[in-house]
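Asks: Below you'll find the structure I mean.
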Amino acid sequence: MRKLKTPGLLSKRILKGVCHMQKEILEVLKKNSRITVEELAVMLNREAQDIKAAIADLEEKGIIIAYNTVIDWEKAECDIVTAYIEVKVTPQRGQGFDRVAERIYQYPQVVACSLMSGGFDLFVVVEGKTMKEVALFVAEKLAPIEYVLSCATHFVLKKYKDNGVIFNKPCKDEREAVVL
Amino acid sequence: MNIKDMIKPYIVNTPPSGIRKYFDLINEMKDAISLGIGEPDFETPWCIREEGIYSLEKGKTFYSSNAGFIELRNEIARYMENRFKLSYDPTSEILVTVGGSEAIDIALRTFVGPGDEVIVPEPSFVAYKGCVMFTGATPVPVELKAEHRFKLQPDQILEAITERTKAIVIGYPNNPTGATMDYEDYVAIVEVLKDKDIIVLSDELYAELNYKGSHVSIAQFPEMKDKTIVINGFSKAFAMTGWRIGFACGPKDALEQMKKIHQYAIMCSPTMAQYAAIEALKNGEGEMRRMVDEYNRRRRVMTDGFNKMGLSCFEPFGAFYCFPDIRSTGLSSDAFCERLLTEEKVLTVPGNAFGACGEGFVRATYATSIDNIREALVRIKRFVERVRGQ
């Protein structure tokens, strides 16, 4: 009887994860989500319909959550201020930090929210038009939330690298013409 | 005195590489895409660069032993054993050189000289023939064929062997064709060479860039190991071209003599590069795999692109080159490359730059971004359609 159970468990585990092709797809999409299914099929030496199905499966499972663009807002001359906020929280019985986190991440100003190990509990990224706007949001919305003990706000002055992409990196090919 | 008259005739008679003139042209162009440069477009992985920097910061700026730091040779021995199942004694059978190029040069100088013949299968890396000629020996080209996917053919080698044949230079994965040699391919070649007094110089710089399986070295055949000098390096696998660091492995008696030339001509390889190379072998594999995976994806896109536009291109399983057949356009390799560059601003290299039998083909490298490859394919397709319509 136990033997029968094991394969079922195993196959469930495989279904939960991703197959080799899906892993390859994720690697490519991570760098360029605009790539077409046809091009992916050529790159990975697969049929386009298989790629399509694999991506649909990844989306359905919530593994691919969204397709984002990495933007250098400074260059776009758009006023966007980003602050990284260290939040200390009193965990709640039965719900840990989840309930407070949920209250925090609902705000559209909050673009990221993670539970941390170490000196504080929640790491919250807030975006706004001005420093004042962000500071007011922290003072009026974030800090007063029940169970939030303290907030330490750090404003981003300059972004060098984000999402694995180095900003302001010249993309000129500097290879000299060599004879070989 | 006219200084020109003082130069040795075989230096004067060695033709310069045929690639140069195109590079001069592209330098003056805007928005040109180069599929011409035979080097990785990736920067050296940071962990490797950092080791080079550290060595300078710590003032480690002195000569190393002639053969290279023993720590590096130990790492190379470990690497050759783990990756290719080839055992070499780090103290006597490994020599760290200034790129694979120096290894090719000193190996040839050690074994061949005036009156000797060296078999050079073509199309191949332009330096083989030149380096043979600089020794005063005669290169004997063997013309590899597209129908054999540019693999070595035993009967062709047998035909080229004379009493004067001293060595054969083979380079797989191959520049410029992207061809590879599998174990089965080598079996017949080994049959031809095993009983002959012919040295094999096996240039395996592209060994890691093999997209079909594991790289096979002719030295893996026990009957060949004692007559083979394996040349490898860091330039292609670890994107370290500018560091100039490579190595040669082979029988002790040969390496000892090669080391003499290296010692008198070079002293030792740049030590900054040696420190970086140690890091490459210790911790660089992950980054190297990432680059190989990326080349592999680009390779498929480029090969597919050429075949779809009717420039038949066998699937290259090694290096970072496609070698499409352009004969269907009715143009010569030179005319194709020149017109493609002036009309569509895409640089490729004519196949005959790598030996006469490369005529009818062009070399295009996918060591460039996928965006460049995509755009280059659009332009080449437009060009080919226009030429065919004329």
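The values are calculated or read from the model by the stated rules, or taken from the named source; none is laboratory data. Since the model is a prediction, treat every value here as computed from it, not as a measurement. Every residue, glycine among them, receives a Cβ derived from its backbone with ideal geometry; neighbour counts consider all protein chains shown.
Asks: Could we say that A:Glu102 is exposed (fewer than 12 other Cβ atoms within 10 Å of the Cβ), away from chain B (no Cβ under 14 Å) and at positive phi here?
Replies: Values: exposed (fewer than 12 other Cβ atoms within 10 Å of the Cβ): yes; away from chain B (no Cβ under 14 Å): yes; at positive phi: no.
No, not satisfied.
Asks: Also, quick follow-up: Looking only at residues that are part of a loop (DSSP other than H, G, I, E, B) and surrounded by 21 or more Cβ atoms within 10 Å (Cβ to Cβ) in the stretch B:148-165, which one is farthest from the other protein chains (Cβ to nearest Cβ)?
Replies: Among those residues, the one meeting the criterion is B:Leu152.
Asks: Check B:Thr138, B:Thr91 and return the single one that is more than 14 Å from every other protein chain (Cβ to nearest Cβ), within 24 Å of B:Asp155 (Cα to Cα), of a type in the set (S, T, N, Q) and without any contact (Cβ under 8 Å) to a residue 60 or more places away in the chain. Spell out how you get there, then give the answer.
Replies: On the way: B:Thr91 fails: within 24 Å of B:Asp155 (Cα to Cα).
The conditions single out B:Thr138.
Asks: Can you tell me which residue within the stretch A:60-83, out of those that are among the small types (Gly, Ala, Ser) and farther than 16 Å from A:Ile25 by Cα, is surrounded by the fewest Cβ atoms within 10 Å (Cβ to Cβ)?
Replies: Step one: list which residues in the stretch A:60-83 are among the small types (Gly, Ala, Ser), which gives A:62, A:66, A:76, A:83.
Going one step further and asking which of them are farther than 16 Å from A:Ile25 by Cα, we end up with A:76, A:83.
Numbers: A:Ala76: 9, A:Ala83: 20.
My answer is A:Ala76.
Asks: Can you find even one residue in the stretch A:76-85 that is closer than 30 Å to A:Lys158 by Cβ, touching a residue at least 60 places away in the same chain (Cβ under 8 Å) and among the acidic types (Asp, Glu)? Steps first, please.
Replies: Taking the stretch A:76-85 as the starting set, the residues that turn out to be closer than 30 Å to A:Lys158 by Cβ are A:76-85.
Filter again for touching a residue at least 60 places away in the same chain (Cβ under 8 Å), leaving A:81-85.
Filter once more, so that each one left must be among the acidic types (Asp, Glu): none.
No, because not a single residue in the stretch A:76-85 is closer than 30 Å to A:Lys158 by Cβ, touching a residue at least 60 places away in the same chain (Cβ under 8 Å) and among the acidic types (Asp, Glu).
Asks: I'm checking my understanding of the structure. Among residues of the stretch A:122-180 that are within 14 Å of chain B (Cβ to nearest Cβ), part of a loop (DSSP other than H, G, I, E, B) and of a type in the set (Lys, Arg), which one is farthest from B:Gly351 (Cα to Cα)?
Replies: The residue in question is A:Lys169.
Asks: Ok, one more. Exactly one of these conditions fails for B:Ile198: (1) under 18 Å from the mean Cα position of the chain (by Cα); (2) over 28 Å from B:Glu287 (Cβ atoms). Give me its number.
Replies: So the condition that B:Ile198 fails would be (1).
Asks: What single numbered condition from (1) within 21 Å of the chain's Cα centre (by Cα); (2) of a type outside the set (Ser, Thr, Tyr); (3) surrounded by 16 or more Cβ atoms within 10 Å (Cβ to Cβ); (4) over 24 Å from B:Glu39 (Cβ atoms) fails to hold for B:Lys145?
Replies: Just one mismatch for B:Lys145, condition (3).
Asks: Follow-up. Report every pair of residues separated by at least 6 positions or lying on different chains whose Cβ atoms are under 6 Å apart, first residue within the stretch B:305-330 and on the phi > 0 side of the Ramachandran plot, second crowded, with 20+ Cβ neighbours inside 10 Å.
Replies: Within 6 Å, the pairs are B:Ala319/B:Pro173; B:Ala319/B:Asn175; B:Ala319/B:Gly178; B:Ala319/B:Tyr206; B:Ala319/B:Leu209.
Asks: Take B:Glu338 and decide whether it is in a helix (DSSP H, G or I), modelled with pLDDT under 95 and not assigned by TED's automatic domain parsing to the domain that holds B:Tyr211. Break it down into steps so the answer makes sense when it comes.
Replies: On the way: in a helix (DSSP H, G or I): yes; modelled with pLDDT under 95: yes; not assigned by TED's automatic domain parsing to the domain that holds B:Tyr211: yes.
Yes.
Asks: Looking at the stretch B:1-118, what helices (runs of 4 or more DSSP H) fall wholly within it and have at least 3 residues that are closer than 26 Å to B:Phe361 by Cβ and not assigned by TED's automatic domain parsing to the domain that holds B:Arg164? Give the steps one after another, and end with the answer.
Replies: Details: elements: B:3-6, B:9-12, B:20-27, B:46-57, B:70-84, B:99-111.
Of the helices (runs of 4 or more DSSP H) lying wholly inside the stretch B:1-118, those with at least 3 residues that are closer than 26 Å to B:Phe361 by Cβ and not assigned by TED's automatic domain parsing to the domain that holds B:Arg164 span B:20-27.
Asks: Now for a separate question. State which residue is farthest from the other protein chains (Cβ to nearest Cβ) when the search covers only the stretch B:1-18 and only residues that are β-branched (Val, Ile, Thr) and farther than 18 Å from B:Ala353 by Cβ.
Replies: Of everything passing the filter in the stretch B:1-18, B:Ile3 is farthest from the other protein chains (Cβ to nearest Cβ).
Asks: Output yes when any residue across the stretch B:178-187 is outside any loop (DSSP other than H, G, I, E, B) and either within 14 Å of another protein chain (Cβ to nearest Cβ) or touching a strand residue (DSSP E or B) at 6+ places or on another chain (Cβ under 9 Å) (or both), and no when none is. It would help to see each step written out before you state the result.
Replies: Going residue by residue through the stretch B:178-187, those that are outside any loop (DSSP other than H, G, I, E, B) are B:183-187.
Retained after the next criterion (residues that are either within 14 Å of another protein chain (Cβ to nearest Cβ) or touching a strand residue (DSSP E or B) at 6+ places or on another chain (Cβ under 9 Å) (or both)): none.
No; the residues of the stretch B:178-187 include none that is outside any loop (DSSP other than H, G, I, E, B) and either within 14 Å of another protein chain (Cβ to nearest Cβ) or touching a strand residue (DSSP E or B) at 6+ places or on another chain (Cβ under 9 Å) (or both).
Asks: Go through the stretch A:25-47 residue by residue and tally those that are charged (D, E, K, R), facing another protein chain (nearest Cβ under 8 Å) and surrounded by 15 or more Cβ atoms within 10 Å (Cβ to Cβ). Even if it seems obvious, please write down each step before you answer.
Replies: To start, the set of residues in the stretch A:25-47 that are charged (D, E, K, R) comprises A:27, A:30-31, A:34, A:38-39, A:46-47.
Filter once more, keeping what is facing another protein chain (nearest Cβ under 8 Å): A:27, A:39.
Keeping just the survivors that are surrounded by 15 or more Cβ atoms within 10 Å (Cβ to Cβ) gives A:39.
Looking only at that region, the number is 1.
Asks: Hey, another quick one. B:Ser269: within 14 Å of another protein chain (Cβ to nearest Cβ), of a type outside the set (Val, Ile, Thr), crowded, with 21+ Cβ neighbours inside 10 Å and not in a strand (DSSP E or B), yes or no? Working first, answer last.
Replies: On the way: within 14 Å of another protein chain (Cβ to nearest Cβ): no; of a type outside the set (Val, Ile, Thr): yes; crowded, with 21+ Cβ neighbours inside 10 Å: yes; not in a strand (DSSP E or B): yes.
When the stated conditions are applied, B:Ser269 does not pass them.
Asks: Let me ask you something else. How do the pairs read when you match residues in the stretch B:106-127 that are in contact (Cβ under 8 Å) with a residue 40 or more places away in the chain with residues anywhere that are in a helix (DSSP H, G or I) and among the hydroxyl-bearing types (Ser, Thr, Tyr), using Cβ under 6 Å and keeping only pairs 6 or more apart or on different chains?
Replies: B:Val120/B:Tyr128
Asks: Further question on the same structure: If you take the residues of the stretch B:19-41 that are surrounded by fewer than 20 Cβ atoms within 10 Å (Cβ to Cβ) and facing another protein chain (nearest Cβ under 9 Å), which of them is nearest to the chain's Cα centre (by Cα)?
Replies: Looking at residues that are surrounded by fewer than 20 Cβ atoms within 10 Å (Cβ to Cβ) and facing another protein chain (nearest Cβ under 9 Å), I get B:Glu39.
Asks: Failed condition for B:Ala207, given (1) part of a helix (DSSP H, G or I); (2) touching a His at 6+ places or on another chain (Cβ under 9 Å), with all others met?
Replies: Tallying (1) part of a helix (DSSP H, G or I); (2) touching a His at 6+ places or on another chain (Cβ under 9 Å), B:Ala207 fails exactly one: (1).
Asks: Of the numbered conditions (1) at positive phi; (2) surrounded by fewer than 20 Cβ atoms within 10 Å (Cβ to Cβ); (3) touching a strand residue (DSSP E or B) at 6+ places or on another chain (Cβ under 7 Å), B:Gly355 satisfies every one except a single condition; which is it?
Replies: Condition (2) is where B:Gly355 drops out.
Asks: If you scan the stretch B:361-375, which residues turn out to be surrounded by fewer than 19 Cβ atoms within 10 Å (Cβ to Cβ) and in contact with a strand residue (DSSP E or B) (Cβ under 7 Å, 6 or more places away or on another chain)? Quick ask: steps written out before the conclusion?
Replies: Applying the first criterion (surrounded by fewer than 19 Cβ atoms within 10 Å (Cβ to Cβ)) to the stretch B:361-375 yields B:369, B:371-372, B:374-375.
B:Asn372, B:Glu375, listed by residue number.
Asks: In the stretch B:338-352, how many residues are out of contact with any Asp or Glu (no Cβ under 9 Å at 6 or more places or on another chain) and either among the aliphatic types (A, V, I, L, M) or within 14 Å of chain A (Cβ to nearest Cβ) (or both)? Don't jump to the end; show me each part of the working.
Replies: Within the stretch B:338-352, the first condition is being out of contact with any Asp or Glu (no Cβ under 9 Å at 6 or more places or on another chain), and the residues that meet it are B:338-344, B:347-349.
Restricting the remaining residues to those that are either among the aliphatic types (A, V, I, L, M) or within 14 Å of chain A (Cβ to nearest Cβ) (or both) gives B:340-341, B:347-349.
Residues in the stretch B:338-352 being out of contact with any Asp or Glu (no Cβ under 9 Å at 6 or more places or on another chain) and either among the aliphatic types (A, V, I, L, M) or within 14 Å of chain A (Cβ to nearest Cβ) (or both): 5 in total.
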